[in-house]
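Written below as structure tokens is the structure these notes are about.
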Amino acid sequence: MKKLLFLCTINRHRSVIAEFIFRDILANSKQKYLEEIEIASAGVVTQQQKAELRQKGIGLPRPLFGYRPMPCVILYMQKKAEIDVSDYRSRGVTAKRVKEADLIVAMGESHKKGVLRTHKAARGKIVTLAELSRPFEFPDIAPAEPPGLMPPTKFCMLQCDHWTLTETAVIDIRERLQEAKAKILSRLGVR
């Protein structure tokens, strides 16, 4: 079984979208790829990011992972992709996950660099989604919101600027993964 790992910062937004959409893409193809490929996602919060947040007086939740996707992800995955992600719980990237992965697809260059700094086993098997499809960059999701923090419900329901960005992210990630599908399968050695 080949292992594919998608990465973003806290595994509550883009990597969750990528994991579930790519699983959906493969499930809807004529080949039975899901019998050969295990798809997962994880988050990477580097020591440098943690230190920067501490300097700003911002604490991170403990535990750092184990949370549902952002409410906007749950909503737009259901609305735009007809996929229920509400039972998903975030998880962090670990040395074991990196070592076991055959291919790691980072949502951005910072995720790739963060993993390469801390996990030597990632060398040669980590790429960004933009490297596999046409170049693009995700907009900043919420510059004022530190990674991993659970925003108050009132923020998410009334003021969250994630809504339109998440809707666009679901559409963009599907398009990029459709473009990248052949390259991903090739890198995994799956035909």
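Observations on the model:
- Ser41 being surrounded by 18 or more Cβ atoms within 10 Å (Cβ to Cβ) and among the polar types (S, T, N, Q): yes
- A Cβ distance below 6 Å, combined with a sequence gap of six or more or placement on separate chains, defines the contacts here; from segment 163-184, residues that are in contact (Cβ under 8 Å) with a residue 12 or more places away in the chain reach residues that are small (Gly, Ala, Ser) and surrounded by 15 or more Cβ atoms within 10 Å (Cβ to Cβ) in the pairs Val170/Ala81; Ile173/Ala18; Arg176/Ser133; Glu179/Ser133; Ala180/Ser133.
- Extreme residue, nearest to Phe22 (Cα to Cα), among residues of segment 83-127 that are among the acidic types (Asp, Glu) and part of a loop (DSSP other than H, G, I, E, B): Asp84
For every residue, the table says whether it meets (1) within 26 Å of Ala51 (Cα to Cα); (2) hydrophobic (A, V, I, L, M, F, W, C); (3) free of Cβ contacts under 8 Å to residues at least 24 places away in the same chain.
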residue	(1), (2), (3)
Tyr88	no, no, no
Gly92	yes, no, no
Ala95	yes, yes, no
Leu103	no, yes, no
Met107	yes, yes, no
His111	yes, no, no
Glu131	no, no, yes
Arg134	no, no, no
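- Within segment 40-54, residues that are of a type in the set (Ser, Thr, Tyr) reach partners that are modelled with pLDDT of 80 or more and not in a helix (DSSP H, G or I) with beta carbons closer than 9 Å, at six or more positions or on different chains, in the pairs Ser41/Leu5; Ser41/Phe6; Ser41/Leu7; Ser41/Cys8; Ser41/Asn11; Ser41/Tyr88; Ser41/Ser90; Ser41/Arg91.
- Residue match in segment 80-89 (condition: modelled with pLDDT under 90, crowded, with 16+ Cβ neighbours inside 10 Å and under 13 Å from the mean Cα position of the chain (by Cα)): no
The values are calculated or read from the model by the stated rules, or taken from the named source; none is laboratory data. As the structure is a computational prediction, the values presented were derived from the model and not from experiment. As a convention, Cβ positions derive from the backbone with ideal geometry for all residues, glycine included, and neighbour counts pool all protein chains shown.
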